[in-house]
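Please read the structure below before turning to the comments.
The values are calculated or read from the model by the stated rules, or taken from the named source; none is laboratory data. Because the structure is a prediction, the values reported are computed rather than measured. Cβ placement follows ideal geometry from the backbone for every residue including glycine, while neighbour counts extend to all protein chains displayed. Just so you know, the surface numbers come from the protein's heavy atoms only, side chains and all, with ligands and any DNA or RNA stripped out. Shrake-Rupley method; radii C 1.70, N 1.55, O 1.52, S 1.80 Å.
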Amino acid sequence: MTKTENTVIIKGLTKNFDVRFKEAGLAGSIKSLIKPKNIVKRALKGISFTVSRGELIGFIGPNGAGKTTTLKILSGLLYPTNGFVQVLGFNPWEKKPEFLKNISLVMGQKNQLWWDLPAIESLKLNRAIYEISQKDFTERLNKLTDLLDVGNLLSTQVRKLSLGQRMRLEFVTALIHEPEILFLDEPTIGLDVIAQQKVRDFIYEYNLKNRATILLTSHNMNDLLDLTKRVIVIDSGEILYDGYLSELVRSFAKEKIIKVYLAKESDIKKFETIGKIIKLDLPYVSLSVPRESAAVAASEILQSFAVADLTIEEEPIEGVIRRVFKGEMVKQS
Amino acid sequence: MYLKEKWSSKVNEMSKYSQVFKISLQDEFVYRLNFVLWRLRNVFSIFLVFFLWDSIFSVQDRVIFGYDRVKILTYIFALMFVKAIVFASKTMDVTGEIARGDLSNSLLKPLDYFKYWLTRDVASKTLNLSFALVETTLLFLILKPPFFLQNNLISILLFIVSLLIAVALYFLILFIVSSSAFWVPEMGWAIHFIITIVILEFLSGSLFPLDVLPKPIFSILSFTPFYYLIFFPIEVYLGKISGGEAVRGILISFVWVVILYLLMRSIWQKGLKVYQAYGR
């Protein structure tokens with residue numbers, strides 16, 4: 001049997017939601033109860049992409065762009081309105097056991113751990129549900145708890161854990177069946193910087209060691225910068241960009257940043273004629289200039305000021321993405 | 001070879017749901033005080049009903065709707081036991097699981113949601129039943145009510161069958177009512193309150209024996225599933241319904257189990273298509 005290299009195939013996927021329209025206030029509530037008015041919300045407007053085995057892909061998009069909807073359709077939770085969806089050779093919606101045994105969806109704001117019991121009980125339940133042998137279970141549990149540094153938390157009641165501890169245990173529980181595909185929805189939301197890093201390191205390791213396919217959504221740029229090569233930018237249910245993150249920056253950063261360290265005080269006003277001052281913290285000055293005239297601007301600065309140091313840098317990725325969503329980027333054909 | 005595989009998959013299936021059973025029991029035990037208070041409430045409500053009827057029938061030889069003191073007190077004691085088995089259920093929580101989106105957790109796993117809740121229900125009933133047995137014995141010793149112990153084996157057998165059917169009916173009704181949360185998540189609890197608390201209590205015979213109702217209404221009720229939740233099993237136990245009549249009742253209620261099961265499956269399939277996996 002040949003294994004398909006494409007673990008995820010989506011063609012022309014659309015998803016519409018019926019949303020009950022409700023006017024504000026009590027009167028509105030009563031009105032909607034008596035005469036419900038539904039409006040159709042088009043969450044996905046015909047998106048297509050494929051993912052190969054072992055890829056780690058990031059979804060970028062503002063709230064309500066359709067990222068989570070996509071993940072929920074891929075994991076079989078939502079019924080697609082139209083289009084073709086195939087994951088690991090299965091139609092996710094059918095929820096075949098062989099399919100479910102090989103996927104996992106982790107949501108930063110949802111948990112599967114039993115709130116009132118220690119995490120080990122939820123793990124034992126998953127062991128039975130996924131039909132994992134005792135030997136495999138012990139091995140994987142040791143490995144996962146080591147990686148995430150939560151071995152000593154297994155027998156603490158879940159409600160008593162901190163968010164970061166709980167999230168890491170969620171990962172252990174979600175991965176105890178070693179899924180081939182992992183869908184992560186905002187995995188680092190609400191975590192402190194150290195916990196974020198632990199989770200990120202773990203995702204990286206898991207992707208590498210198991211050759212697992214990982215699809216990840218995040219608003220945290222560090223997640224994407226650290227983990228993903230390929231990103232899919234999605235907004236209002238449409239894919240705006242699908243390709244390397246570095247490529248995105250290169251082709252869509254319209255500006256460069258010139259950072260100057262002045263050797264002595266001078267007339268700052270003159271900077272304004274060269275470019276846009278984005279940060280002023282004397283003796284440091286940061287300027288944003290159009291990409292094509294960066295070299296000219298730099299030489300002008302060197303001629304006009306006493307400069308101790310000068311660097312030309314790429315625009316930060318957040319800025320690029322922000323502009324993408326402002327509609328400055330034209331949809332790729 | 002094939003048989004062996006089939007066997008091992010059966011074993012896995014069993015261990016899946018036995019683990020669900022175990023974790024459900026553990027979960028119930030977390031709120032021990034809650035549980036004890038809930039049982040205490042049951043005991044009090046029995047006291048209340050008992051003394052209410054006892055005082056109504058305190059006048060010698062009073063007969064109301066064909067019930068005298070002994071008959072009504074017997075009904076009430078049987079009621080307590082049957083109610084503990086049939087109405088002790090966690091399945092109402094399905095409403096919340098759908099509305100909050102917690103259903104997603106189960107849908108993502110190779111697990112049959114229907115069997116999962118059936119198992120949780122059995123766990124809850126096991127626990128409640130064991131407590132109900134102790135309570136009933138204690139109350140029996142304290143109140144010393146006139147009680148009728150059935151010794152006809154056929155009646156006992158029919159009673160057990162009717163009880164199992166009642167459990168299945170109640171479970172299916174709860175599952176169907178809970179599915180309303182797919183369409184009107186914010187009204188799930190209101191619908192539960194109206195249907196499972198008000199209507200079911202009233203029509204099942206858990207407040208009063210149904211045969212006190214006017215004959216035509218009583219006859220119509222005997223064709224609905226509600227009749228078979230509480231009233232029918234009790235009457236079978238008391239031997240008031242027996243033989244062909246009991247078998248007929250069991251057949252009617254079994255047909256209802258099949259109808260409700262098919263209805264539940266079809267509603268559930270439609271519901272999953274509109275499910276929005278909320279929670280984000």
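Which residues, taken from region B:203-227, are within 16 Å of the chain's Cα centre (by Cα) and crowded, with 16+ Cβ neighbours inside 10 Å? Talk me through it step by step, then tell me what you get.
Taking region B:203-227 first, the residues within 16 Å of the chain's Cα centre (by Cα) are B:203-207, B:224-227.
B:LEU203, B:SER204, B:GLY205, B:SER206, B:PRO225, B:PHE226, B:TYR227 - these are the residues of region B:203-227 that are within 16 Å of the chain's Cα centre (by Cα) and crowded, with 16+ Cβ neighbours inside 10 Å.
Looking at region B:99-119, which of its residues are surrounded by 18 or more Cβ atoms within 10 Å (Cβ to Cβ), more than 12 Å from chain A (Cβ to nearest Cβ) and either touching a strand residue (DSSP E or B) at 6+ places or on another chain (Cβ under 9 Å) or in contact (Cβ under 8 Å) with a residue 60 or more places away in the chain (or both)?
The answer is B:ALA99, and nothing else.
Determine which single condition A:THR7 fails, assuming it passes every other condition in (1) surrounded by fewer than 15 Cβ atoms within 10 Å (Cβ to Cβ); (2) of a type in the set (Val, Ile, Thr); (3) more than 10 Å from chain B (Cβ to nearest Cβ).
For A:THR7, the exception is condition (1).
Within 25 Å of B:ILE98 (Cβ to Cβ) and open to solvent by less than 60 Å² (accessible area, probe 1.4 Å): which single residue out of B:LEU174, B:LEU163 fits that description? If you could, list the steps in order and put the result at the bottom.
Values: B:LEU163 fails: within 25 Å of B:ILE98 (Cβ to Cβ).
Checking each option against the conditions leaves just B:LEU174.
Would you mind finding the one in A:PHE90, A:PHE183, A:PHE137 that is surrounded by fewer than 20 Cβ atoms within 10 Å (Cβ to Cβ) and either closer than 30 Å to B:GLN269 by Cα or outside the structural domain of A:LEU224 (by TED's automatic domain parsing) (or both)? Working first, answer last.
Values: A:PHE183 fails: surrounded by fewer than 20 Cβ atoms within 10 Å (Cβ to Cβ); A:PHE137 fails: either closer than 30 Å to B:GLN269 by Cα or outside the structural domain of A:LEU224 (by TED's automatic domain parsing) (or both).
Just one listed residue meets the conditions, A:PHE90.
Kindly check whether there is at least one residue in region B:67-87 that is surrounded by 12 or more Cβ atoms within 10 Å (Cβ to Cβ) and within 14 Å of chain A (Cβ to nearest Cβ).
Let us first name the residues in region B:67-87 that are surrounded by 12 or more Cβ atoms within 10 Å (Cβ to Cβ), namely B:67-87.
Among the residues that remain, those that are also within 14 Å of chain A (Cβ to nearest Cβ) are: none.
No; the residues of region B:67-87 include none that is surrounded by 12 or more Cβ atoms within 10 Å (Cβ to Cβ) and within 14 Å of chain A (Cβ to nearest Cβ).
Can you tell me which residue in region A:140-172 is nearest to the other protein chains (Cβ to nearest Cβ), limited to those that are farther than 17 Å from A:PRO187 by Cβ and open to solvent by 50 Å² or more (accessible area, probe 1.4 Å)?
Of all residues in region A:140-172, those farther than 17 Å from A:PRO187 by Cβ come to A:140-143, A:145-146, A:151-160.
Now drop any that are not open to solvent by 50 Å² or more (accessible area, probe 1.4 Å), which leaves A:142-143, A:146, A:152, A:155, A:159-160.
Numbers: A:ASN142: 21, A:LYS143: 21, A:ASP146: 25, A:ASN152: 21, A:SER155: 13, A:ARG159: 10, A:LYS160: 12 Å.
So, considering only residues that are farther than 17 Å from A:PRO187 by Cβ and open to solvent by 50 Å² or more (accessible area, probe 1.4 Å), the one nearest to the other protein chains (Cβ to nearest Cβ) is A:ARG159.
Given the structure, is B:VAL70 outside any loop (DSSP other than H, G, I, E, B), farther than 22 Å from B:LEU203 by Cα and in contact with a Pro (Cβ under 6 Å, 6 or more places away or on another chain)? Give the steps one after another, and end with the answer.
Details: outside any loop (DSSP other than H, G, I, E, B): yes; farther than 22 Å from B:LEU203 by Cα: yes; in contact with a Pro (Cβ under 6 Å, 6 or more places away or on another chain): yes.
So B:VAL70 passes the test.
Restricting the search to region A:94-110, which residues are more than 8 Å from chain B (Cβ to nearest Cβ) and crowded, with 17+ Cβ neighbours inside 10 Å?
Selection gives A:PHE99, A:ASN102, A:VAL106, A:GLY108.
Each row is one residue, and each column tells you yes or no for (1) of a type in the set (Phe, Trp, Tyr); (2) loosely packed, with under 14 Cβ neighbours inside 10 Å; (3) within 14 Å of chain A (Cβ to nearest Cβ).
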| position | (1), (2), (3) |
| --- | --- |
| B:LEU229 | no, no, no |
| B:TYR237 | yes, no, no |
| B:ILE252 | no, no, no |
| B:ILE259 | no, yes, no |
| B:GLY271 | no, no, yes |
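Could you give every pair whose Cβ atoms fall below 6 Å, whose first residue belongs to region A:138-155 and is over 21 Å from A:TRP115 (Cβ atoms), and whose second residue is aliphatic (A, V, I, L, M) and surrounded by 12 or more Cβ atoms within 10 Å (Cβ to Cβ), counting only separations of at least 6 or pairs across chains?
Final answer for the pair search is A:ARG140/A:ILE176.
Give all pairs with beta carbons closer than 9 Å in which a residue from region A:268-279 that is without any contact (Cβ under 8 Å) to a residue 40 or more places away in the chain meets a residue that is aromatic (Phe, Trp, Tyr) and part of a helix (DSSP H, G or I); count only pairs at least 6 apart in sequence or on separate chains.
Correct list of pairs: A:ILE277/A:PHE271.
Anything in region A:272-296 that is over 29 Å from A:ASN222 (Cβ atoms), open to solvent by 80 Å² or more (accessible area, probe 1.4 Å) and at pLDDT below 85? List them, or say none.
Hits for region A:272-296 are A:GLU272, A:THR273, A:LEU282, A:GLU292.
So is B:VAL11 within 14 Å of chain A (Cβ to nearest Cβ), in contact with a Ser or Thr (Cβ under 9 Å, 6 or more places away or on another chain) and over 30 Å from B:ILE156 (Cα atoms) or not? Give the derivation first.
Working: within 14 Å of chain A (Cβ to nearest Cβ): yes; in contact with a Ser or Thr (Cβ under 9 Å, 6 or more places away or on another chain): no; over 30 Å from B:ILE156 (Cα atoms): yes.
The answer is no for B:VAL11.
Can you pull out every residue in region B:120-153 that is touching a Phe, Trp or Tyr at 6+ places or on another chain (Cβ under 6 Å) and open to solvent by 50 Å² or more (accessible area, probe 1.4 Å)?
Result: B:PHE147, single match.
Of the residues that sit in region B:57-68 and are closer than 19 Å to B:LEU143 by Cβ and touching a residue at least 12 places away in the same chain (Cβ under 8 Å), which one is nearest to the chain's Cα centre (by Cα)?
B:TYR67
Pick from region A:297-315 the residues that are in contact (Cβ under 8 Å) with a residue 12 or more places away in the chain and not in a strand (DSSP E or B): which of them is most open to solvent (accessible area, probe 1.4 Å)? Talk me through it step by step, then tell me what you get.
Restricting attention to region A:297-315, the residues satisfying the condition of being in contact (Cβ under 8 Å) with a residue 12 or more places away in the chain are A:297-298, A:300-301, A:304-315.
From what's left, not in a strand (DSSP E or B): A:297-298, A:300-301, A:304-306, A:315.
On the way: A:ALA297: 6, A:ALA298: 10, A:GLU300: 76, A:ILE301: 0, A:SER304: 46, A:PHE305: 18, A:ALA306: 37, A:GLU315: 21 Å².
Only one residue tops the list, namely A:GLU300.
Identify, by number, the condition in (1) surrounded by 16 or more Cβ atoms within 10 Å (Cβ to Cβ); (2) under 30 Å from A:ARG323 (Cβ atoms); (3) more than 17 Å from the chain's Cα centre (by Cα) that A:ARG42 doesn't meet.
With respect to (1) surrounded by 16 or more Cβ atoms within 10 Å (Cβ to Cβ); (2) under 30 Å from A:ARG323 (Cβ atoms); (3) more than 17 Å from the chain's Cα centre (by Cα), A:ARG42 is out only on (1).
Specify which of the listed residues (A:VAL260, A:VAL249, A:VAL233) is under 30 Å from A:THR14 (Cα atoms), surrounded by 15 or more Cβ atoms within 10 Å (Cβ to Cβ) and at pLDDT 80 or above.
Working: A:VAL260 fails: under 30 Å from A:THR14 (Cα atoms); A:VAL249 fails: at pLDDT 80 or above.
The conditions single out A:VAL233.
Counting only residues that are polar (S, T, N, Q) and within 14 Å of chain A (Cβ to nearest Cβ), which one in region B:14-62 is farthest from B:SER89 (Cα to Cα)?
Here is the first cut: in region B:14-62, the residues polar (S, T, N, Q) are B:15, B:18-19, B:24, B:26, B:34, B:42, B:45, B:55, B:58, B:60.
Going one step further and asking which of them are within 14 Å of chain A (Cβ to nearest Cβ), we end up with B:15, B:18-19, B:24, B:26, B:34.
Numbers: B:SER15: 22, B:SER18: 18, B:GLN19: 18, B:SER24: 12, B:GLN26: 16, B:ASN34: 15 Å.
Looking at residues that are polar (S, T, N, Q) and within 14 Å of chain A (Cβ to nearest Cβ), I get B:SER15.
Restricting to region B:180-199, name every residue that is in contact (Cβ under 8 Å) with a residue 12 or more places away in the chain and open to solvent by 30 Å² or more (accessible area, probe 1.4 Å). I'd like the intermediate steps shown before the answer.
Start the filter on region B:180-199 by keeping residues that are in contact (Cβ under 8 Å) with a residue 12 or more places away in the chain, which leaves B:180-183, B:185-186, B:188-189, B:191-192, B:195-196, B:199.
Those that are in contact (Cβ under 8 Å) with a residue 12 or more places away in the chain and open to solvent by 30 Å² or more (accessible area, probe 1.4 Å): B:TRP183, B:PRO185, B:GLU186, B:TRP189, B:ILE191, B:ILE195, B:ILE199.
Which pairs have Cβ atoms under 7 Å, sit 6 or more apart or on different chains, and link a residue in region A:115-131 that is at the interface with another protein chain (Cβ under 7 Å from one of its Cβ atoms) to one that is part of a strand (DSSP E or B) and surrounded by fewer than 20 Cβ atoms within 10 Å (Cβ to Cβ)?
A:ASP116/A:GLN157; A:LEU117/A:GLN157
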